[in-house]
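Q: Submitted below is the structure of interest, expressed as structure tokens.
The values are calculated or read from the model by the stated rules, or taken from the named source; none is laboratory data. Note that the structure is predicted; figures quoted are calculated from it, not measured. Quick reminder, even Gly has a Cβ in these numbers, built from the backbone with ideal geometry, and neighbours come from all protein chains shown. Side chains included, ligands, DNA and RNA excluded: accessible areas come from the protein's heavy atoms. Shrake-Rupley method; radii C 1.70, N 1.55, O 1.52, S 1.80 Å.
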Amino acid sequence: MLLKSNLTVSNCEMMKRDTLPQQKALIADWQTLTRTFIRPENELAKSTLIKYMEQILFGLHDFLKKHVGFTKEVSLKELADRFTDTLISEHPEKKLADVITDLIQDIAPHAVNVASPYFVGHMTSAIPFFMVHLKTIVAALNQNVVKIETSKVVSVVEKQVTAKIHRLIFRENDAFYHEHIQNTQTTLGCFTENGTLANLTALWVARNQRFAPKPGFGGIEKEGIHAAYQAYGIDRCVVLTSRRGHYSLNKAGGLLGIGNRNIIAVDVDRYNRIDLNSLNQTIEKVKGGKERTAILAIVGIAGTTETGSVDPLTDLADICTTNNIYFHVDAAWGGPTLMSEKYSHRVAGIELADSVSMDGHKQFYMPMTCGMVYFKNPSSLDAVIYHANYINRPGSVDLGIKSLSGSREANSLILDSALKIMGSRGYALLIEHGIETARQFAREIDNRPNFQLITPPELNILTYRLYPSVIEEDISSGNIERIGRANEKLNHINRTVQRLQREAGHSFVSRTTLNTGDPPGQDTVVLRCVIMNPMTNLEILREILDEQEEIYRKTFIT
Ligand SMILES: Cc1ncc(COP(=O)(O)O)c(C=O)c1O
């Protein structure tokens, strides 16, 4: 907080002398405090602020260049030891300029440079520089999209951009969008804080539709799960998704009261897509079991978190139609592939879903965080309507009426602006770069004797592992025990190399464990690469592999 200096002795005593030994004491002073709601305290403070904002807005990439990743330079323990203060100082400790200096000098160097083209391990990456500007404007406007009284035009813009993405997914005709785009009674989707809440919202709607009010029963939202099961004559309710489903679905199972053990993981095929035979068998088993079971939804995935695989969405839609099951597609990752004419076929069938979730902070390249969920039927969100006396009154156009969130920032302004700045073609170029670079990388891995490609990229995620030729002999020996031991050794090598590379801080790939069925019953530790940074190219990826080989040699061959 930027507050007035004052040398009152008593106030001085209130300060923490060790943090400000040389400085004048600062006190919480009403006049100065109120000025901070309007402008920086003086011209000097203003110019300092502008200088820092310039650095943040235009130079953060350069600034972070030296700090690629989660390095070992300063351990997490050392950092934790620096942040152990539990007392809120009564009076201001620092001026704004000092706080910004601290953030830039003490915090940023120990943050992770997710913008580095060598940072290819997670779904968090570089964002176009203009996103920081847009985010700043959103913060400055400070609109609250829960209601029209605190957002006015922003709610209307949000309805428009919601319709744009809805159209990208469901491709309804002009008349449909003309009817619904600004219709205050219908809703094509809603913004959430992230993909987790987008998936939760979709399953919330599915649950409330499945256990809708009927004579003698007020609906599950009102009466709860026990009454719902009684009213509908069932003992249990399940959601079916692939083994590669995101764990947010399990959270939804817990929150919605159906129990996360009832989020059933169906086996995948060798491409990590849901196995349709297993799915059909699971449906039959569930229907024929002793417990009277309702299948709440099938969740198809357009871009699984670990392998980037896309489930056969058209087939899933058919199965849902045949069995009268709600169909949700988790496209948190792969949804924006729809903007690429070249690759949109890879998520074909998405338009058949009842609902689709997407993340703005993933392949829409928005700053953290933005989730969205879209519904084919503009009345679907009626299943989760809430009103309050002071806002969201019946008949009002407040977006908060049909939304899991209460107060919410105007993320839609960022998405709307970004779509204007980039165009769908701009986004397509990014998506295509990711998919094509991943494919080149897969070929490179295939060509290297010490590596093994585990899951080829369907979109822009692939997994592989170090697979030194010496160990390959054991693996191809045919002796089960020898193979098992070799696989454990491979797992150990890959875990170690991933950790040491991360700690070295030049580059970052992540690691996960897949149950590939080879060898049977054993897990396979794999390195996971997510390519979304347009600056990441094959040269950089080769360097990353070289470094991994080097680490392996130094650590395991002495
Ligand atoms: C496929 C998929 N769904 C859902 C999520 C959850 O998204 P979020 O982390 O934004 O909550 C993720 C996150 O990685 C994801 O990959």
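Q: State whether the residues of segment 335-342 include one that is within 11 Å of the ligand (Cβ to nearest atom) and touching a residue at least 60 places away in the same chain (Cβ under 8 Å).
A: yes
A quick yes/no check of all residues on (1) of a type outside the set (A, V, I, L, M); (2) open to solvent by 50 Å² or more (accessible area, probe 1.4 Å); (3) within 16 Å of the chain's Cα centre (by Cα):
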site	(1), (2), (3)
Glu351	yes, no, no
Asp359	yes, no, yes
Gly371	yes, no, yes
Pro378	yes, no, no
Ile385	no, yes, no
Asn389	yes, yes, no
Leu404	no, yes, no
Asn411	yes, no, yes
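Q: In the set Thr322, Thr304, which member is open to solvent by 10 Å² or more (accessible area, probe 1.4 Å) and not in a strand (DSSP E or B)?
A: Just a single option satisfies the conditions, and that option is Thr322.
Q: Taking Leu296, is it away from the ligand (no atom under 16 Å from the Cβ), under 29 Å from His361 (Cα atoms), within 26 Å of the chain's Cα centre (by Cα) and open to solvent by less than 10 Å² (accessible area, probe 1.4 Å)?
A: yes
Okay, residues lined up against (1) open to solvent by 30 Å² or more (accessible area, probe 1.4 Å); (2) charged (D, E, K, R):
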position	(1), (2)
Val99	yes, no
His110	yes, no
Pro117	yes, no
Val138	no, no
Thr162	no, no
Ile169	no, no
Asp174	yes, yes
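Q: Further question: Against the condition touching a residue at least 24 places away in the same chain (Cβ under 8 Å) and more than 14 Å from Arg210 (Cα to Cα), how does Ser242 come out, does it pass?
A: Against the criterion (touching a residue at least 24 places away in the same chain (Cβ under 8 Å) and more than 14 Å from Arg210 (Cα to Cα)), Ser242 qualifies.
Q: Of all residues in segment 467-500, which are open to solvent by less than 20 Å² (accessible area, probe 1.4 Å) and under 30 Å from Ala302 (Cβ atoms)?
A: Asn491, Asn494, Gln498, listed by residue number.
Q: Another one. Among the residues of segment 278-301, write down those that are part of a strand (DSSP E or B) and not β-branched (Val, Ile, Thr).
A: The answer is Ala294, Leu296, Ala297, Gly300.
Q: Please go through segment 503-518 and pick out each residue that is within 20 Å of Asn272 (Cβ to Cβ) and either in contact (Cβ under 8 Å) with a residue 40 or more places away in the chain or under 25 Å from the mean Cα position of the chain (by Cα) (or both).
A: Val509, Ser510, Arg511, Thr512, Thr513, Leu514, Asn515, Thr516
Q: From the set of residues in segment 436-463 that are in contact (Cβ under 8 Å) with a residue 40 or more places away in the chain, of a type outside the set (Asp, Glu) and assigned to a helix (DSSP H, G or I), which is nearest to Val530 (Cα to Cα)?
A: Ala438
Q: Among the candidates Thr136, Thr192, single out the residue that is under 30 Å from Glu223 (Cβ atoms) and polar (S, T, N, Q).
A: Going through Thr136, Thr192 in turn, just one is under 30 Å from Glu223 (Cβ atoms) and polar (S, T, N, Q): Thr192.
Q: Let me ask you something else. Report, by residue number, each residue of segment 349-375 that is among the hydrophobic types (A, V, I, L, M, F, W, C), more than 17 Å from Val145 (Cβ to Cβ) and in contact with a strand residue (DSSP E or B) (Cβ under 9 Å, 6 or more places away or on another chain).
A: The answer is Ile350, Leu352, Ala353, Val356, Met358, Phe364, Phe375.
Q: Does any residue of segment 431-439 turn out to be more than 16 Å from the ligand (Cβ to nearest atom), acidic (Asp, Glu) and open to solvent by 10 Å² or more (accessible area, probe 1.4 Å)?
A: The answer is yes, given that some residue of segment 431-439 is more than 16 Å from the ligand (Cβ to nearest atom), acidic (Asp, Glu) and open to solvent by 10 Å² or more (accessible area, probe 1.4 Å).
Q: Of the residues Gln31, Gln22, Gln55, only one is modelled with pLDDT under 80, part of a helix (DSSP H, G or I) and not acidic (Asp, Glu); which?
A: Among Gln31, Gln22, Gln55, only Gln55 is modelled with pLDDT under 80, part of a helix (DSSP H, G or I) and not acidic (Asp, Glu).
Q: Right, next: Taking the stated definitions as given, is Arg393 more than 20 Å from Val239 (Cα to Cα), in contact with a strand residue (DSSP E or B) (Cβ under 8 Å, 6 or more places away or on another chain) and open to solvent by 20 Å² or more (accessible area, probe 1.4 Å)?
A: Taking the combined requirement at face value, the residue does not satisfy it.
Q: I would also like to ask the following. Do we have Leu541 as crowded, with 16+ Cβ neighbours inside 10 Å, in contact (Cβ under 8 Å) with a residue 24 or more places away in the chain and closer than 28 Å to Ser75 by Cβ here?
A: no
Q: Condition first: among the charged types (D, E, K, R), more than 28 Å from Thr304 (Cβ to Cβ) and in contact (Cβ under 8 Å) with a residue 12 or more places away in the chain. Now tell me which residues in segment 470-502 satisfy that.
A: The answer is Asp474, and nothing else.
Q: Go through segment 517-557 and give me each residue that's more than 16 Å from Ile471 (Cα to Cα) and in contact with a Pro (Cβ under 9 Å, 6 or more places away or on another chain).
A: Result: Cys529, Ile531, Asn533, Pro534, Met535, Thr536, Asn537, Ile540.
Q: Also: Go through (1) buried (at least 17 other Cβ atoms within 10 Å of the Cβ); (2) assigned to a helix (DSSP H, G or I); (3) at pLDDT below 95 one by one and return the number of the condition Val154 breaks.
A: (3)
Q: Please state which of the following conditions Ile169 fails to meet, knowing it meets all the rest: (1) out of contact with any Phe, Trp or Tyr (no Cβ under 8 Å at 6 or more places or on another chain); (2) of a type outside the set (Asp, Glu); (3) farther than 30 Å from Gln548 by Cβ.
A: Among (1) out of contact with any Phe, Trp or Tyr (no Cβ under 8 Å at 6 or more places or on another chain); (2) of a type outside the set (Asp, Glu); (3) farther than 30 Å from Gln548 by Cβ, the lone unmet condition for Ile169 is (1).
Q: Criterion first (within 13 Å of the ligand (Cβ to nearest atom), open to solvent by less than 20 Å² (accessible area, probe 1.4 Å) and small (Gly, Ala, Ser)) does Ala332 satisfy it?
A: So Ala332 fits the description; yes.
Q: Can I ask one more? Is at least one residue of segment 506-513 of a type in the set (D, E, K, R) and in a helix (DSSP H, G or I)?
A: Within segment 506-513 (the criterion being of a type in the set (D, E, K, R) and in a helix (DSSP H, G or I)), the answer is no, since none of the residues qualifies.
Q: A further question on this structure: Just give me the residues in segment 232-288 being of a type in the set (Phe, Trp, Tyr) and surrounded by fewer than 16 Cβ atoms within 10 Å (Cβ to Cβ), in sequence order.
A: Tyr247, Tyr271
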